[in-house]
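Asker: Dumping the structure here so I can ask a few things about it.
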Amino acid sequence: MSKAIRVAQIKGASPRLRARAAGLCWLTTFLTSSFALFVGGMLIVPRDAAATATNILGHEALFRSATAAFLVSTACYIAATLLVYELLKPVNRTVSLLAAFFSLVGCAIGALSSLFDLAPFILLKDAPYLSVFTAEQLQALTLMFLKVRGQANDIGLVFFGCHCLLIGCLILRSTFLPRPIGALMALAGLGWLTFLAPPLAGRLTPYVMLPGGIGELSLTLWRVVKGVNVQRWNERAGMAATVNPDEALIG
């Protein structure tokens, strides 16, 4: 047995464990991001700056916890991205790397956009240097920053759409994960890509989010419960090492 194949087998000794770890990270992402979205929907009134300001100041701890939950979900998604990259690398290393790139860019956009959650506590806390603004102006600025945050998240969804679409294509070719889940993930990616045209996405929401929710949740639960078909994963890893042994040695 060649050294390259032995290295590939060692690196892929626990693909089921990797798959389940990725599933748990994705599940944590789903739960924490759902909490953050729920709180945001409860406290932010899109066309009422005064009500939004009152809600946030009256539930400051809840709003901050939603921001924290969003950051946790981002960290978990980064971990899931790296694990999924390793899991699907035997199918096509280049495509898997490209999918990971899109996901990490989306995570970076989401993490940076969370900075806008600080705006309410800067603008609405009666800082002396803001006395030149009226209360109504400060409330309007707060709502504006929160809307910018939402639009930044929509941009992030486009990158996640590319990620899901590529992941779906890799799963369809993988043989060690169910093809129907690959199809659902590809549909999820197409759904997120509608955010390239915000007016279209606005008209299709929440229906456009349904494929994404079903696809990602299906993949998450399958990974947590079933993992992957280890024998077929090892076969694909061995084939990849045979085709490009130098790649197997370095990564």
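Asker: Does at least one position in the stretch 218-228 carry a residue that is among the small types (Gly, Ala, Ser) and over 19 Å from residue 81 (Cα atoms)? Give the steps one after another, and end with the answer.
Answerer: The initial filter retains those residues of the stretch 218-228 that are among the small types (Gly, Ala, Ser), namely 218, 227.
Filter once more, so that each one left must be over 19 Å from residue 81 (Cα atoms): none.
No, the stretch 218-228 contains no residue that is among the small types (Gly, Ala, Ser) and over 19 Å from residue 81 (Cα atoms).
Asker: Let me ask something else about it. Just a yes or no: is a residue in the stretch 177-196 among the aromatic types (Phe, Trp, Tyr), part of a helix (DSSP H, G or I) and within 13 Å of the chain's Cα centre (by Cα)? Can you show your working first?
Answerer: Of the residues in the stretch 177-196, the ones among the aromatic types (Phe, Trp, Tyr) are 192, 195.
Going one step further and asking which of them are part of a helix (DSSP H, G or I), we end up with 192, 195.
So of that shortlist, the ones also within 13 Å of the chain's Cα centre (by Cα) come out as 192.
Looking for residues that are among the aromatic types (Phe, Trp, Tyr), part of a helix (DSSP H, G or I) and within 13 Å of the chain's Cα centre (by Cα), one finds at least one in the stretch 177-196, hence yes.
Asker: Right, something else. Out of all the residues in the stretch 162-174, is one or more of a type in the set (Gly, Ala, Ser), surrounded by fewer than 18 Cβ atoms within 10 Å (Cβ to Cβ) and in a helix (DSSP H, G or I)? If you could, list the steps in order and put the result at the bottom.
Answerer: Let us first name the residues in the stretch 162-174 that are of a type in the set (Gly, Ala, Ser), namely 168, 174.
Then keep just the ones that are surrounded by fewer than 18 Cβ atoms within 10 Å (Cβ to Cβ); that gives none.
No, the conditions are met nowhere in the stretch 162-174.
Asker: Can you confirm whether residue 155 is within 18 Å of residue 95 (Cβ to Cβ) and either among the acidic types (Asp, Glu) or in a helix (DSSP H, G or I) (or both)? Steps first, answer last, please.
Answerer: Numbers: within 18 Å of residue 95 (Cβ to Cβ): no; either among the acidic types (Asp, Glu) or in a helix (DSSP H, G or I) (or both): yes.
Taking the combined requirement at face value, the residue does not satisfy it.
Asker: If I go through the stretch 83-103 residue by residue, how many of them are within 18 Å of the chain's Cα centre (by Cα), surrounded by 17 or more Cβ atoms within 10 Å (Cβ to Cβ) and not charged (D, E, K, R)?
Answerer: Here the count works out to 10.
Asker: Here is a further query. Residue check, residue 41 against (1) in contact with a helix residue (DSSP H, G or I) (Cβ under 9 Å, 6 or more places away or on another chain); (2) more than 15 Å from residue 156 (Cβ to Cβ), all met but one. Which one?
Answerer: It is condition (1) that residue 41 fails.
Asker: Another question, if that's okay. Might you check whether a residue that is surrounded by 15 or more Cβ atoms within 10 Å (Cβ to Cβ) and charged (D, E, K, R) occurs anywhere in the stretch 195-203?
Answerer: no
Asker: Right, something else. Look at the stretch 194-237 and say how many of its residues are aliphatic (A, V, I, L, M) and either under 22 Å from residue 147 (Cβ atoms) or touching a His at 6+ places or on another chain (Cβ under 7 Å) (or both).
Answerer: Taking the stretch 194-237 first, the residues aliphatic (A, V, I, L, M) are 196-197, 200-201, 204, 208-210, 214, 217, 219, 221, 224-225, 228, 230, 237.
Filter again for either under 22 Å from residue 147 (Cβ atoms) or touching a His at 6+ places or on another chain (Cβ under 7 Å) (or both), leaving 196-197, 200-201, 204, 208-209.
Total satisfying the criteria: 7.
Asker: Restricting attention to the stretch 220-240, which residues are part of a helix (DSSP H, G or I), surrounded by 16 or more Cβ atoms within 10 Å (Cβ to Cβ) and in contact with a Pro (Cβ under 9 Å, 6 or more places away or on another chain)?
Answerer: Applying the first criterion (part of a helix (DSSP H, G or I)) to the stretch 220-240 yields 220-225, 230-240.
If we keep only those that are surrounded by 16 or more Cβ atoms within 10 Å (Cβ to Cβ) as well, we get 220, 222-224, 230, 233-234, 236-238, 240.
If the condition is that a residue be part of a helix (DSSP H, G or I), surrounded by 16 or more Cβ atoms within 10 Å (Cβ to Cβ) and in contact with a Pro (Cβ under 9 Å, 6 or more places away or on another chain), then 222, 230, 233, 234, 236, 237, 238, 240 are the ones that fit.
Asker: Report yes if residue 194 is over 27 Å from residue 233 (Cβ atoms) and modelled with pLDDT of 85 or more, otherwise no.
Answerer: Against the criterion (over 27 Å from residue 233 (Cβ atoms) and modelled with pLDDT of 85 or more), residue 194 qualifies.
Asker: Turning to a different aspect of this structure: Looking at the stretch 107-123, can you tell me whether even one residue there is over 21 Å from residue 45 (Cβ atoms), of a type in the set (Val, Ile, Thr) and within 17 Å of the chain's Cα centre (by Cα)? It would help to see each step written out before you state the result.
Answerer: Initial filter on the stretch 107-123 (over 21 Å from residue 45 (Cβ atoms)): 107-112, 115.
When the remaining residues are screened for being of a type in the set (Val, Ile, Thr), the result is 109.
Those still in the list that are within 17 Å of the chain's Cα centre (by Cα) too: 109.
Yes, the conditions are met somewhere in the stretch 107-123.
Asker: Follow-up question, since we're still on this one. Quick check on my filter: what residues within the stretch 201-217 are without any contact (Cβ under 8 Å) to a residue 24 or more places away in the chain and in contact with a Ser or Thr (Cβ under 8 Å, 6 or more places away or on another chain)?
Answerer: Of everything in the stretch 201-217, those that are without any contact (Cβ under 8 Å) to a residue 24 or more places away in the chain and in contact with a Ser or Thr (Cβ under 8 Å, 6 or more places away or on another chain) turn out to be 204, 208.
Asker: Oh, and also: Of a type in the set (Ser, Thr, Tyr) and modelled with pLDDT under 90 - does that describe any residue in the stretch 31-43?
Answerer: First pass over the stretch 31-43, keeping only residues of a type in the set (Ser, Thr, Tyr): 32-34.
Then keep just the ones that are modelled with pLDDT under 90; that gives none.
Within the stretch 31-43, none of the residues are of a type in the set (Ser, Thr, Tyr) and modelled with pLDDT under 90.
Asker: Sticking with this structure for a sec: Working only within the stretch 87-119, note down all residues that are under 19 Å from residue 156 (Cα atoms) and in contact with a Pro (Cβ under 9 Å, 6 or more places away or on another chain).
Answerer: From the stretch 87-119, those under 19 Å from residue 156 (Cα atoms) are 96-117; that's our starting set.
Hit for the stretch 87-119 is 96, nothing else.
The values are calculated or read from the model by the stated rules, or taken from the named source; none is laboratory data. Just so it is clear, the structure is predicted and the values come from calculations on it, not from any experiment. Every residue, glycine as well, gets a Cβ built from its backbone with ideal geometry; the counts of neighbours run over all protein chains shown.
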